[in-house]
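Notes follow the structure.
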Amino acid sequence: MTEQLTVCAQDIMTKGVVVLRRDAPIAEAVKLLAERGAPCAVVVDDEGAPIGIITERDLLPRAVAKGEAPPAVALRQILRDESHTLDFVREARKADAFLVAEVMSSPVQCVDAQMTVGQAATVLEAFNVRQAPVVRDGRLIGLVTRRDIVRAIATA
């Protein structure tokens, strides 16, 4: 267990992250995520600093819009309480989006490269996210996911 305390986010992160600009078309994001088998893309500014993240979840409303209306069972579940209804309406707006900036989650919570695995896990848990960009000096260098953290714990 002592070993794990010295393992940093940069040691377990995924490199070669899908990177997009805020003015990239949604179609480009979909294509890149599909080609790379990636769960998300990090949106960066001109200096390489993360300004947002676009996940598979952000793209699901487009898939729903291209398909049929939600089945009655799903619709009843969505409409069961106000918070689900508001989320559904918010997400439905993403179906008509054209640019990455319109669907990305922003601001994005980042993990510093030197954070320990435990600190990185705390960030993911505190912000209820599955992944977070890893930064060094404010610039993107990778992505840490819950899966990366579980693997690190398992091998400690």
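Observations on the model:
- Glu102 meets each of the listed conditions (1) within 25 Å of Glu47 (Cα to Cα); (2) outside any helix (DSSP H, G or I) apart from (2).
- Residue in region 8-20 that is modelled with pLDDT under 90 and touching a helix residue (DSSP H, G or I) at 6+ places or on another chain (Cβ under 8 Å) present: no
- Boolean, Thr6 is of a type in the set (Ser, Thr, Tyr) and surrounded by fewer than 16 Cβ atoms within 10 Å (Cβ to Cβ): yes
- A single entry from Asp11, Asp58 fulfils the requirement of being surrounded by 18 or more Cβ atoms within 10 Å (Cβ to Cβ) and part of a helix (DSSP H, G or I): Asp58.
- Restricting attention to region 21-47, the residues being β-branched (Val, Ile, Thr) and at pLDDT 90 or above number 3.
- Complete set of residues in region 130-148 that are touching a residue at least 60 places away in the same chain (Cβ under 8 Å) and not in a strand (DSSP E or B): Arg130, Gly138, Asp148
- The set of residues in region 105-129 being touching a residue at least 60 places away in the same chain (Cβ under 8 Å) and closer than 17 Å to Glu47 by Cβ consists of Ser106, Val108, Cys110, Asp112, Ala113.
Here's the yes/no breakdown for (1) out of contact with any Leu (no Cβ under 6 Å at 6 or more places or on another chain); (2) crowded, with 16+ Cβ neighbours inside 10 Å; (3) farther than 20 Å from Thr14 by Cα; (4) modelled with pLDDT under 95:
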position	(1), (2), (3), (4)
Val103	yes, yes, yes, yes
Cys110	yes, yes, no, no
Ala113	yes, yes, no, no
Thr122	yes, no, no, no
Asn128	yes, no, no, yes
Pro133	no, yes, no, no
Arg136	yes, no, no, no
Ala154	yes, no, no, yes
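- Glu47 of a type in the set (Asp, Glu) and closer than 25 Å to Asn128 by Cβ: no
The values are calculated or read from the model by the stated rules, or taken from the named source; none is laboratory data. Computed from a prediction, not measured in an experiment: that's the story for all the values here. Heads up, the Cβs are rebuilt from the backbone with ideal geometry, glycines too, and the neighbour counts pull from every protein chain shown.
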